[in-house]
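*Asks:* This is the structure I want to talk about, given as structure tokens.
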Amino acid sequence: MELRQIQAFLAVADELHFGRAAAKLHIAQSPLSQMIRALEKDLGVELFVRTTRSVQLSAAGSALLGPARIIEAQTHAARVVTRATAAGETGIVRIGFGGASGYVALSALTREMAEQYPGIHLDLRPQTYSGEVVTLLDDGAIDMGIVALPVEPDLSTVTVRTEGLVVALPDAHRLATQERVSVADLLDEPFVVYPSAHGSKVRDATFALCSAAGFVPQIAREAPDPYSLLALVGVGIGVAVVVEATTHITVDGVTYRPIDGAVPELRIALAWRTDRMSPAVGRVVDVVRQGNAGLAC
């Protein structure tokens, strides 16, 4: 049974006239008759009762009508889906992200994608930090990810934010009343940081700042995400260096203060493998580059 035979059968069933059915299909009547006979031979039944004056569906033809329409509808749906996917109008894009910068950037991106490309689903994978993103992109486990620049040259990137660094302190901390805090002031403080296995650039920046001030931070606890990290700060477990986007998160018992001195900024970007850029990933990149949601910097 071939699709063109199903289409021929439906045309004749709708018109109950071989001439009109042939015209509907834009073919001659002879090949249409041949397709119907071939289908009947394949099924081992007569689908139409033919006389010199009329064409009617047989009992077997009536039984085939419903399944044939389902096949036609599914074929049409398959064409629509594959063409839309090839055009980047539908699909699934898996995005790994971690930290407050990722939450802020992807919140805006998700809203904009829903408006412009509702057929593209963003499968967001939280608690995935820069180092993990690079590994997962290489393995094909995700399609895109939030990273702190720079990254390896075989990844393409588009910047979504530029982040300064601040310190999160317990409300009752001795430094919470100061307008600004120097890194040297944190010499004897316990720190809450992201796990080393995550490859977090904020963790790296914390150690770099402390090293420049002449000490190694004392790690009290590690936290897998910004909400857990701030909760630990709020109950007095320690202090934490965080990106400015974190200040959008309100947690009881936490105060944010700028860090005094020359504090480096982190450029946050959306990254993907250049050799695995699907049409749907291309649409995401287009939306970010347009900056319609204030994403691109």
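*Asks:* Does any residue of segment 34-54 turn out to be part of a helix (DSSP H, G or I), surrounded by 20 or more Cβ atoms within 10 Å (Cβ to Cβ) and either in contact (Cβ under 8 Å) with a residue 40 or more places away in the chain or touching a strand residue (DSSP E or B) at 6+ places or on another chain (Cβ under 9 Å) (or both)?
*Replies:* Looking for residues that are part of a helix (DSSP H, G or I), surrounded by 20 or more Cβ atoms within 10 Å (Cβ to Cβ) and either in contact (Cβ under 8 Å) with a residue 40 or more places away in the chain or touching a strand residue (DSSP E or B) at 6+ places or on another chain (Cβ under 9 Å) (or both), one finds at least one in segment 34-54, hence yes.
*Asks:* Could you please find all residues in segment 95-117 being farther than 15 Å from T128 by Cβ and either touching a residue at least 12 places away in the same chain (Cβ under 8 Å) or not in a helix (DSSP H, G or I) (or both)?
*Replies:* Listed by number, the residues that qualify are V104, A108, L109, T110, R111, E112, M113, Q116, Y117.
*Asks:* Right, next: Of the residues A262, A269, A205, A240, only one is closer than 25 Å to D188 by Cβ and in a strand (DSSP E or B); which?
*Replies:* That would be A240, the only listed residue that is closer than 25 Å to D188 by Cβ and in a strand (DSSP E or B).
*Asks:* Return yes when E89 is acidic (D, E) and free of Cβ contacts under 8 Å to residues at least 24 places away in the same chain and no when it is not.
*Replies:* In short, no.
*Asks:* Shifting gears a bit: Restrict the check to segment 185-197 and report whether at least one residue is more than 34 Å from the chain's Cα centre (by Cα), assigned to a helix (DSSP H, G or I) and not acidic (D, E).
*Replies:* Within segment 185-197, one or more residues are more than 34 Å from the chain's Cα centre (by Cα), assigned to a helix (DSSP H, G or I) and not acidic (D, E).
*Asks:* Might you let me know whether segment 97-116 holds any residue that is of a type in the set (S, T, N, Q) and under 19 Å from S156 (Cβ atoms)? Even if it seems obvious, please write down each step before you answer.
*Replies:* Keep residues of segment 97-116 that are of a type in the set (S, T, N, Q), which gives 101, 107, 110, 116.
Those still in the list that are under 19 Å from S156 (Cβ atoms) too: 101.
Yes; the residues of segment 97-116 include at least one that is of a type in the set (S, T, N, Q) and under 19 Å from S156 (Cβ atoms).
*Asks:* Right, next: Could you list, in sequence order, all residues of segment 264-277 that are in contact with a Gly (Cβ under 9 Å, 6 or more places away or on another chain), buried (at least 17 other Cβ atoms within 10 Å of the Cβ) and not aromatic (F, W, Y)?
*Replies:* Within segment 264-277, L266, I268, L270, A271, R273 meet the criteria.
Bear in mind that the values in this text are calculations on the coordinates, not laboratory data. Given the structure is predicted, the values throughout are model-derived calculations rather than measurements. Reconstructed Cβ throughout: ideal geometry from the backbone, glycine too, with neighbour counts over all protein chains shown.
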